[in-house]
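Here the structure is laid out as structure tokens; the discussion comes afterwards.
The values are calculated or read from the model by the stated rules, or taken from the named source; none is laboratory data. Predicted model, so just to flag it, every value in this text is computed and none were measured. Note that each Cβ is placed from the backbone with ideal geometry, even for glycine, and that neighbours are counted across all protein chains shown.
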Amino acid sequence: MLLETRGLTASYGQFRALFGVDVTIAAGECVAIIGANGAGKSTLMRAITGILRNEPGMVLHKGEPIGALSPAAIMQRGIAMVPEGRRLFPSLSVEENLLIGGQMRKVAGPWSLEAVYDLFPILKERRRSPGTALSGGQQQMVAIGRALMSNPELLLCDEISLGLAPVVIRDIYAALPKIRAGGAAMVVVEQDIGKALSVADRVYCMMEGRVTLAAPAAAVTRAAIHAAYFGEAA
Ligand code: ATP
């Protein structure tokens, strides 16, 4: 298994946000994680990437526990995140933001500046613009490109459609199959269930810090999702 969580718990001080979460992600697979506001989706991403500490043995990468590693060390293992809110370096240009992603982990792979510009041609046009001069959708493309520049084996995308216009969301989602074609496994955290299911092989639904549904995306029913999302009987 590429990545696995086993009984993962995580807290913010006294506040417990995850209660025994078990998820698996196989190499090359695309997994959607859906759930309402506050369900714990971003917390799960932070625990996997080492931003939020967790007990030993709860997060395994290729069978090895990584819970004690720093975020930088976890990134070196080929796990990259597109964080919620994009978090670009605002004073740096598009190209500088992308190059920083490549500096953080230097390995051979399908992703280079040119490959990212092929994926999102608008970024090539705007390569000298500062991050702050971009639209929200363009900033999201830079955030995705920056993560790809480290040639990850696992790309974690946290709410990449949040706050964007439908036409922009469509463009960004159109890029996801091309990213998968490069071989990376992906986790797509989404509140937009339809979008998540359109790209995923499997789906997990979370509610109040627990996994309430785990199913193949093609087999899951609307009623089952409704029950898992809101905690009501299907
Ligand atoms: P969203 O769509 O709002 O990002 P989410 O499913 O990603 O939702 P999380 O952000 O993981 O949810 O939040 C899970 C719980 O942890 C929520 O109750 C939230 O209020 C709490 N929480 C999140 N971040 C913090 C923090 N930095 N300090 C304290 N509590 C937090």
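Using the structure shown, decide if A47 is at pLDDT 95 or above and not in a strand (DSSP E or B).
yes
Look through segment 32-82, keep the residues that are among the charged types (D, E, K, R) and within 16 Å of the ligand (Cβ to nearest atom), and return whichever of them is surrounded by the fewest Cβ atoms within 10 Å (Cβ to Cβ). Give the steps one after another, and end with the answer.
The first filter runs over segment 32-82 and keeps only residues among the charged types (D, E, K, R), leaving 41, 46, 53, 55, 62, 64, 77.
Still in the running and within 16 Å of the ligand (Cβ to nearest atom): 41, 46, 53.
Values: K41: 23, R46: 24, R53: 11.
This residue is R53.
Could you list, in sequence order, the residues of segment 12-31 that are within 13 Å of the ligand (Cβ to nearest atom) and either under 14 Å from the mean Cα position of the chain (by Cα) or β-branched (V, I, T) (or both)?
Matches in segment 12-31: V21 only.
Restrict the check to segment 196-206 and report whether at least one residue is among the β-branched types (V, I, T) and free of Cβ contacts under 8 Å to residues at least 40 places away in the same chain.
Checked segment 196-206: no residue is among the β-branched types (V, I, T) and free of Cβ contacts under 8 Å to residues at least 40 places away in the same chain.
Looking at (1) modelled with pLDDT of 95 or more; (2) out of contact with any strand residue (DSSP E or B) (no Cβ under 6 Å at 6 or more places or on another chain); (3) farther than 24 Å from L119 by Cα, find the lone condition where I34 falls short.
I34 satisfies all of (1) modelled with pLDDT of 95 or more; (2) out of contact with any strand residue (DSSP E or B) (no Cβ under 6 Å at 6 or more places or on another chain); (3) farther than 24 Å from L119 by Cα except (2).
Hey, among E29, E55, which residue is out of contact with any Gly (no Cβ under 8 Å at 6 or more places or on another chain) and among the charged types (D, E, K, R)?
Being out of contact with any Gly (no Cβ under 8 Å at 6 or more places or on another chain) and among the charged types (D, E, K, R) holds for just one of E29, E55, which is E29.
Counting just the residues of segment 168-212 that are away from the ligand (no atom under 16 Å from the Cβ) and part of a strand (DSSP E or B), which one comes out nearest to the chain's Cα centre (by Cα)?
Checking each candidate, the answer is M186.
Quick check on this structure: which one of L99, L88 is touching a helix residue (DSSP H, G or I) at 6+ places or on another chain (Cβ under 6 Å) and surrounded by 13 or more Cβ atoms within 10 Å (Cβ to Cβ)?
The match here is L88.
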